[in-house]
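All remarks here apply to the structure that follows.
The values are calculated or read from the model by the stated rules, or taken from the named source; none is laboratory data. What you see is a predicted model; the values in this text were computed from it and never measured. Cβ atoms come from the backbone with ideal geometry, glycine included; neighbour counts cover every protein chain shown. For the accessible areas, the whole protein counts, side chains as well, though only heavy atoms, and no ligand, DNA or RNA atoms are used. Shrake-Rupley method; radii C 1.70, N 1.55, O 1.52, S 1.80 Å.
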Amino acid sequence: MANGVGVFNTATVEEAKGALITDVDGRELIDFAGGIGVVNAGHCPEPVVKAIQAQAEKYLHTSFNVVTYEPYIKLCEELAEILPHGDKTKVMLISTGAEAVENAVKIARQATKRPAVLCFTEAYHGRTLLGMSLTSKVNYKFSSGPFAPEIYRIPFPNFYKYHGTQDMEEFVDTELKRLHESAHNLVDINSVAAIIIEPIQGEGGFNPVPQKYLEGLRSFCDKHGVLLIFDEIQSGFCRTGHWAAWQHYKVQPDLSTYAKSLGSGLPISAVVGRAEIMDAAAPGTIGGTYIGSPVCCAAALATIQYMKDENLNKRAEHLGKIVTKRMEQLQKECPEIGDVRGIGAMIGIDLIKDKDPGKPNTELCSKVVKGCAEEGLILLSAGTLKNVIRILSPLVITDEQLNRGLDILENQIRLNV
Ligand SMILES: Cc1ncc(COP(=O)(O)O)c(C=O)c1O
C-alpha cells in the first residue's frame, strides 16, 4: 500500500451498523467520524441496502451517455426539488466530491466565458489538480505542483481566530471591505467566473461563514457578474439540520456541489444550479464514464427517502444541542477548549494554548484523538493545524451512544490537558 495513503485509525472493520463499527477482533467502536461525513444516514441503513441489492439485480452499468436509465433522472428531479436554485434548477451527477467541484468550475467558466476563480484560505475542495489548487491547506499539496492557473485566494472570514477586539459587525465590515478591494488589488474582477466557498468549512476546522458576510458575498457577485458556488460536500445532507447549509443562511448560490452523505457510502456526487447556467456547458464537456452509476443513484434516492422518513434534519439539531451543551460545560473547566462552534450537528471543538485563539493546540488534539481510539471512539481532527476535534457521527446515533462517546471524549480531554 502506498505510503501517501493516510490511515487515521488502525482498526479493521468486520461490520458496521447505525453509529457502531465492529472490528475484526470483535471490538465495538462508536463512530464519530462517519467515514469522513459520509454516513449521516448511518452505516448500512436497511432501505438503502435493499435498494442497492434490487438495482444490482437489474443492471449495473450502461453509462448514462450511452443508454439512459430512470434512477438518474429520478435523482436529478429529487435534488432539484429539495435544493431549488431560483425558478428552474438543473442537476448533473458524477462520482466524487472533487469531481463535482471540477465540473462546477467548468460550468461557471463556460457560462461566464471568464477564466478566474476566487477561493478562500482554510478551504478544502478535494485532491484532483483543480481541487487541490483550490484547497488552502499546504499539507495536502506537498510537492504536488505546478497547480492549476487562474486561482486567487482571499482570507476566509474566520471570526473566532481573527476578530481581535472587533465585534462581529465590525469584523464582517472589515472582511467585506477586503473582498471589495480584491476587485482592484488581486485580479481583474471582469475575468472572474466564480467564487467558491464552503458555507461552513469542513477540513478547515468547522468554521461557519458569518451570516452578513455570506449576504455581502452574494451582493458582490451580483454586482460583478460573478457566479457564487457553495461547496456543500461535507456540510450537506442533514449535517447542519438542512439539506444544505445555505438553506440555513437563506442565501442562494448559482451553483452548489454535493457528495459524501448523499450516497451513504456509494460514490455519487452532484452539481446543482440555476438552469440557464447549467445549460451553458456544451454537450460532452462535462461528465465521464461513471456519471451517476445506477446503483449509486438507487442508493442516493433511498438515502434521501430514509432521511425524510427519519427526519434527520430535526435529529441533527437535537444531537448538535447535546454535543454543544456538554462541550460548553467542559469548556468552563478547560481553558484549552477555546471555542465550541458549528451549525446543527456539525460541531467543532477548537483546542488552543494560553487561552489564545492564535495558538492552536495541535499536540493536545492529536493525543485526544489517539486516546479516544484506544477507548473505542473513532474521531477525526480538522483545521489547517489539526487542532479542532470535529464531530461527524451518523445522525441515527442514539442519545445513549452519543453520550457514551462524549464521555470518552471528555475523559480524554481532561486526562491530556
Ligand atoms: C468541502 C469539501 N469539498 C470537496 C471534498 C472532496 O470530496 P471527495 O473526497 O469525495 O473528492 C471534500 C472532502 O472532504 C470536502 O469536505
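Can you tell me which residue within segment 160-204, out of those that are among the polar types (S, T, N, Q) and open to solvent by 10 Å² or more (accessible area, probe 1.4 Å), is farthest from the ligand (Cβ to nearest atom)? Steps first, please.
Going residue by residue through segment 160-204, those that are among the polar types (S, T, N, Q) are 165-166, 174, 182, 185, 190-191, 201.
Filter once more, keeping what is open to solvent by 10 Å² or more (accessible area, probe 1.4 Å): 165-166, 174, 185, 190-191.
On the way: Thr165: 31, Gln166: 27, Thr174: 25, Asn185: 27, Asn190: 27, Ser191: 24 Å.
The qualifying residue farthest from the ligand (Cβ to nearest atom) is Thr165.
Which residues, taken from segment 373-401, are surrounded by 22 or more Cβ atoms within 10 Å (Cβ to Cβ) and closer than 11 Å to Leu319 by Cα?
The answer is Ile391, Leu392, Ser393, Pro394, Leu395, Ile397.
Looking at segment 1-39, which of its residues are farther than 24 Å from Ala382 by Cβ, of a type outside the set (D, E, K, R) and touching a Ser or Thr at 6+ places or on another chain (Cβ under 6 Å)?
Val24
Pairs please, first residue from segment 40-66 and under 11 Å from Cys296 (Cα atoms), second anywhere and at pLDDT below 95, Cβ atoms under 9 Å, 6+ apart in sequence or on different chains.
His61/Thr289; His61/Tyr290
Within segment 205-227, can one find any residue that is part of a strand (DSSP E or B) and within 16 Å of the ligand (Cβ to nearest atom)?
Yes, because at least one residue in segment 205-227 is part of a strand (DSSP E or B) and within 16 Å of the ligand (Cβ to nearest atom).
Counting residues that are away from the ligand (no atom under 16 Å from the Cβ), which helices (runs of 4 or more DSSP H) fully inside segment 62-141 reach at least 2?
Numbers: elements: 70-82, 97-112, 129-134.
Qualifying helices (runs of 4 or more DSSP H): 70-82, 97-112.
Which pairs turn up if I take residues in segment 365-384 that are within 16 Å of Gly202 (Cα to Cα) and look for partners that are polar (S, T, N, Q) and open to solvent by less than 30 Å² (accessible area, probe 1.4 Å) with beta carbon separation below 9 Å, at least 6 apart in sequence or on another chain?
Leu379/Gln412; Ser381/Asn387; Ala382/Gln201; Gly383/Asn207; Thr384/Ser136
Only one residue in Arg178, Arg153 is assigned to a helix (DSSP H, G or I) and over 23 Å from Ile349 (Cβ atoms), so which one is that? Give the derivation first.
Numbers: Arg153 fails: assigned to a helix (DSSP H, G or I).
The conditions single out Arg178.
Go through segment 244-259 and give me each residue that's touching a residue at least 60 places away in the same chain (Cβ under 8 Å) and either within 14 Å of the ligand (Cβ to nearest atom) or surrounded by 22 or more Cβ atoms within 10 Å (Cβ to Cβ) (or both).
Ala244, Ala245, Pro253, Asp254, Leu255, Ser256, Thr257, Tyr258, Ala259, listed by residue number.
Quick one: would you say Ala80 is modelled with pLDDT of 95 or more, open to solvent by 10 Å² or more (accessible area, probe 1.4 Å) and small (Gly, Ala, Ser)?
Values: modelled with pLDDT of 95 or more: yes; open to solvent by 10 Å² or more (accessible area, probe 1.4 Å): yes; small (Gly, Ala, Ser): yes.
So Ala80 passes the test.
So which residues in segment 269-284 are modelled with pLDDT of 95 or more and either in contact with a Cys (Cβ under 7 Å, 6 or more places away or on another chain) or part of a loop (DSSP other than H, G, I, E, B) (or both), if there are any at all?
Of segment 269-284, the ones modelled with pLDDT of 95 or more are 269-282.
Asp279, Ala280, Ala281, Ala282, listed by residue number.
Mind listing just one residue for me: the one in segment 22-37 that is open to solvent by 20 Å² or more (accessible area, probe 1.4 Å) and under 22 Å from the mean Cα position of the chain (by Cα) and, of those, nearest to the ligand (Cβ to nearest atom)? Even if it seems obvious, please write down each step before you answer.
Initial filter on segment 22-37 (open to solvent by 20 Å² or more (accessible area, probe 1.4 Å)): 22, 24-28, 35-36.
Applying the additional criterion that residues be under 22 Å from the mean Cα position of the chain (by Cα) yields 35-36.
Working: Gly35: 11, Ile36: 6 Å.
Top of the filtered list is Ile36.
Of everything in segment 1-56, what is within 18 Å of Ser261 (Cα to Cα) and part of a helix (DSSP H, G or I)? Give them in sequence order.
Gly34, Gly35, Ile36, Gly37, Glu46, Pro47, Val48, Val49, Lys50, Ala51, Ile52
Conditions: (1) crowded, with 22+ Cβ neighbours inside 10 Å; (2) under 14 Å from Tyr72 (Cα atoms); (3) within 16 Å of the ligand (Cβ to nearest atom). Ser235 meets all but one. Number of the miss?
(2)
Among the numbered conditions (1) at pLDDT 95 or above; (2) outside any strand (DSSP E or B), tell me where Thr384 comes up short.
The failed condition is (1).
Within segment 339-368, which residues are buried (at least 23 other Cβ atoms within 10 Å of the Cβ) and in a helix (DSSP H, G or I)?
Passing the criteria: Cys365, Val368.
Given the options Leu266, Leu301, Leu262, Leu217, name the one that is at pLDDT 95 or above, closer than 23 Å to His61 by Cβ and open to solvent by less than 10 Å² (accessible area, probe 1.4 Å). Give the derivation first.
Values: Leu266 fails: open to solvent by less than 10 Å² (accessible area, probe 1.4 Å); Leu301 fails: open to solvent by less than 10 Å² (accessible area, probe 1.4 Å); Leu217 fails: closer than 23 Å to His61 by Cβ.
None of the others qualify; the one that does is Leu262.
Quick check on this structure: which one of Thr96, Thr121, Thr112, Thr128 is touching a strand residue (DSSP E or B) at 6+ places or on another chain (Cβ under 8 Å), of a type in the set (Ser, Thr, Tyr), within 30 Å of Pro294 (Cβ to Cβ) and surrounded by fewer than 22 Cβ atoms within 10 Å (Cβ to Cβ)? Write out each step before concluding.
Values: Thr121 fails: within 30 Å of Pro294 (Cβ to Cβ); Thr112 fails: within 30 Å of Pro294 (Cβ to Cβ); Thr128 fails: touching a strand residue (DSSP E or B) at 6+ places or on another chain (Cβ under 8 Å).
One residue alone meets the criteria, Thr96.
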